[in-house]
Amino acid sequence: MTVSVDLDHRPPLTFYLSVGLVAGSIIALQIGIMRVFSVGSWAHFGSLVVSLAMFGFGLTSAVMCVAKGWFERHWEGAIKGALLAFGPLMVVCNLAAQQVPFNAIFLISDPMQKWRLLANFVLYFLPFLAGALYLGVVFLKARKSFNRVYFADLVGSGLCGLSVLLAMYFYRPDDLIMAPLLLWLAGGVLWFTAIGDRRGIMAIAGVAVLTAAVHYVVPPALGVPKLAVSDYKGVSYARKFPDAQRIYERASPFGYLEVYSSSYLRRASSRTCRPTRRPISNTCRCTTLTSSSRSRTPSWCSSAAVSRRRWR
């Protein structure tokens with residue numbers, strides 16, 4: 001392949017846009033994985049995705065320092081391979097991680113949960129490794145224009161991070177992975193446009209179509225979830241009622257809200273505790289209002305008898 005652009009001497013605008021979009025897709029992927037952990041499992045583990053991304057950049061930098069000569073000679077192939085692998089790894093690793101039965105509740109009592117958590121981290125680490133390789137090789141080849149390239153990296157990361165927050169209004173959590181995937185596709189097309197590689201444009205477009213098909217077609221065909229929700233989350237109980245129906249759904253950057261209706265759900269009982277003007281054995285008169293025909297006094301009303309507070 002003949003490269004028609006010199007990254008050190010006034011590269012085209014499409015080159016800077018490509019760097020910004022790919023860097024932004026890495027940030028968008030981090031936010032998307034955080035949302036997946038928040039909805040499906042526990043948000044506490046989602047925050048560790050930042051460490052995975054930094055570990056990917058650190059490992060890539062260490063490898064490139066050791067094999068600097070090889071990357072300088074084969075930088076075109078390294079960038080092309082990293083770009084073509086980044087998008088599919090997003091979707092495939094996310095789907096694979098959802099099939100790992102990790103449950104944080106049993107992290108202490110079940111030794112297997114530690115290995116399942118490690119499997120989640122390894123799977124989510126692989127896409128960041130590919131994205132870091134692309135940016136690392138670009139920085140290596142654009143040493144003389146590093147300030148402008150790094151500026152494009154930072155601006156693209158910030159703007160794409162905001163764009164994925166807006167995408168949360170349109171994509172459900174199980175489909176939010178499409179936001180970084182679209183940013184990756186745009187960045188890859190612009191990269192191959194900058195170097196004048198038409199075959200590369202066709203290749204990344206074909207890979208993107210296949211990757212989207214894997215995300216939308218494979219889970220229903222195999223009967224596997226795109227986002228596995230823990231059985232110990234409240235929404236899982238509501239979904240498992242035989243006649244459960246989702247009557248409302250709203251996705252936004254503030255969270256994911258679902259409302260279910262079922263004949264198994266009962267209205268919560270309202271209880272009032274009304275004190276009298278004069279002390280009656282240091283207790284209070286309690287009334288329970290329930291939807292059933294039988295009324296009973298809640299046990300927590302007896303706590304008033306424990307205290308020595310007198311009502312006047």
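What to note about this one:
- Residue list for the range 168-181, filter: in a helix (DSSP H, G or I) and in contact (Cβ under 8 Å) with a residue 40 or more places away in the chain: PRO173, ASP174, ASP175, ALA179, PRO180, LEU181
- Each residue in the range 53-68 was checked for being loosely packed, with under 15 Cβ neighbours inside 10 Å, aliphatic (A, V, I, L, M) and either at positive phi or in contact (Cβ under 8 Å) with a residue 40 or more places away in the chain (or both), and 0 of them qualify.
- Number of the condition not met by ILE108 [criteria: (1) closer than 24 Å to GLY20 by Cβ; (2) outside any helix (DSSP H, G or I)]: (1)
- Count of residues meeting criterion [in contact (Cβ under 8 Å) with a residue 60 or more places away in the chain and surrounded by fewer than 16 Cβ atoms within 10 Å (Cβ to Cβ)] in the range 69-100: 2
- The listed residue being more than 13 Å from PHE121 (Cβ to Cβ) and either out of contact with any Cys (no Cβ under 9 Å at 6 or more places or on another chain) or not in a helix (DSSP H, G or I) (or both), out of LEU52, LEU95: LEU95
- Looking at PRO180, PRO173, just one residue is buried (at least 21 other Cβ atoms within 10 Å of the Cβ) and assigned by TED's automatic domain parsing to the domain that holds TRP42, and that residue is PRO180.
- When residues of the range 215-263 are limited to those that are touching an Asp or Glu at 6+ places or on another chain (Cβ under 9 Å), closer than 29 Å to LEU181 by Cα and aromatic (Phe, Trp, Tyr), the one modelled with the highest pLDDT: TYR216
- Where a residue in the range 232-260 is within 21 Å of TYR171 (Cα to Cα) and among the aromatic types (Phe, Trp, Tyr) and its partner, wherever it lies, is part of a helix (DSSP H, G or I) and at pLDDT 85 or above, with Cβ under 7 Å and at least six apart: TYR256/VAL39; TYR256/PRO173
Residues are listed down the side, and each one gets a yes or a no for (1) surrounded by fewer than 14 Cβ atoms within 10 Å (Cβ to Cβ); (2) assigned by TED's automatic domain parsing to the domain that holds PHE45:
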residue: ARG198; (1), (2): yes, yes
residue: ILE201; (1), (2): no, yes
residue: GLY206; (1), (2): yes, yes
residue: VAL209; (1), (2): yes, yes
residue: ALA228; (1), (2): no, no
residue: ALA238; (1), (2): no, no
residue: PHE241; (1), (2): no, no
residue: GLN245; (1), (2): yes, no
residue: TYR248; (1), (2): yes, no
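The values are calculated or read from the model by the stated rules, or taken from the named source; none is laboratory data. Given the structure is predicted, the values throughout are model-derived calculations rather than measurements. So basically every Cβ, Gly included, is an ideal-geometry build from the backbone, and we count neighbours across all protein chains shown.
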